[in-house]
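Every number in this text was worked out from the coordinates using simple rules, so none of it is lab data. Quantities reported herein were computed from a predicted structural model and do not represent experimental measurements. For neighbour counting, all protein chains shown are included, and Cβ atoms are generated from backbone atoms with ideal geometry for every residue, glycine included.
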Amino acid sequence: MNSGISGILIVDKPAGISSAKVVARVKALLKAKKAGHTGTLDPFATGVLICCMNRATKLARFFLRGNKKYEAVLHLGIETDTQDLTGNVTRVCNPGKFSEKTIQSVFKRYEGALTQAPPVYSALKYKGIPLYKLARSDKPVQKPARKISIIDLKIRDIQLPTICFEVFCSAGTYVRTLCADIGAALGCGGHLKELRRIESSGFTIKQAITLEELKDLALTNQLSGRIISMSNALKNFPEHTADHMLEQKIKHGQILTKNDIVSGTEDPTEGFMKIVDAEKQLIAVLKHAGNRDKYDYVCVLNN
């Protein structure tokens, strides 16, 4: 595999390994110079991990705030300090026999725009220190509640004390906190027992490759078909094919106006726009403010 290849690889992260270690394995197998991911999964969690390689690391910002979809299992009657199965048990309660109607009613409360207090065991930082490190040192810090959105919340199976559900939510949503909140609302407490991310920023688990498959394909030089090009990764961005003059302007960082991008009396597109060459290779991402004649550079990839 060419160490200079740039693109996106969707990995099906296994349980028992950190997201950072998955990226390190991808980087080593592909002999990439640079690699990074666009949203951490806890070590016990599995599923979609977006890995950006080489120049594609510049695109990570476009996937960090994308919506996520998860399959999860809530275990009622047991609370933990981390709100998931990895923590110390802090409370045990007989969950009883809730009716399906009662459970559905409580789940319904957590759809839509909400505020959610991030868990004290999280990778968020306080004065540069991750919250989980402070919590482990008996100095927990509770961050203020943040606005989130639960776009869709569906119960898939109820086998008390566990409830299997699927949640489609905004970035920044903690599914383990959602589980703890639902358990508290039911009066018996609860924690997140299993978590699998099946979609992130429009990339789905069907596009994902396991580390074992990755290793096999890398050894046989057959990985190119699984690499998503930088242009295709930004599938929802409007596209403009640059001529030679525009390519040179971008290469040298010259000011770009709507006359460089559109012709005639067309209005320039507001928001992000991807610029590709004749071979559909991404060379830049621009942004237009709408009330100005100029495009701003977001990132340049042809230099």
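Observations
- Computed Rg/Rh of the stretch 73-189, alpha carbon atoms with Kirkwood Rh: 0.98
- Taking label positions 7 Å along the Cα-Cβ direction at both R146 and S229, the computed distance is 3.4 nm, reported to one decimal.
- From phi via Karplus (6.51, -1.76, 1.60), per-residue ³J(HN,Hα) for the stretch 180-192 in Hz, x at Gly/Pro: 5, 5, 5, x, 5, 5, 7, x, 10, x, x, 8, 7
- Residues of the stretch 100-116 with an amide N closer than 19 Å to a point placed 7 Å from the Cα of E166 along the Cα-to-Cβ direction: 104-105, 107-112.
- Over the chain, DSSP H runs of length four or greater, each weighted -39,500 (n - 2.57), average out per residue to a 222 nm ellipticity of -5500 deg cm²/dmol.
- Computed from phi, the 3J(HN,Hα) profile of the stretch 226-232 under the Karplus parametrisation 6.51, -1.76, 1.60 (θ = phi - 60°) reads 9, 8, 8, 5, 4, 5, 5 Hz, with x in place of Gly and Pro.
- Listed peptides 152-158, 176-182 appear in the order 176-182, 152-158 once ranked by packing, highest mean of other Cβ atoms within 10 Å at the front.
- Taking a straight Cα-Cα cut-off under 26 Å and skipping sequence neighbours fewer than 8 places away in the same chain, the lysines within cross-link reach of K125 are K13, K21, K34, K58, K68, K69, K133, K139, K143, K147, K193.
- What the Cα atoms of the chain give is an Rg and a Dmax of 22.5, 71 Å.
- Ranked packing of 244-254, 38-48, most packed first, by mean Cβ within 10 Å: 38-48, 244-254
- Those residues of the stretch 187-201 whose amide nitrogen sits under 18 Å from the label point placed on R156, 7 Å along Cα→Cβ: 191-201
- Given R0 = 45 Å, the distance between the Cβ atoms of A184 and R65 translates into a calculated FRET efficiency of 0.95.
- Stretching the chain fully between K258 and H244 yields a gain of 3.4 nm (0.36 nm per residue, less the alpha carbon separation).
- Coil-residue trypsin sites (Lys or Arg not before Pro) of the stretch 39-121, DSSP, other Cβ within 10 Å capped at 14: R65, K97, R109
- FRET efficiency for T115 and A15, using Cβ-Cβ distance with R0 set to 25 Å, rounded to 0.05: 0.25
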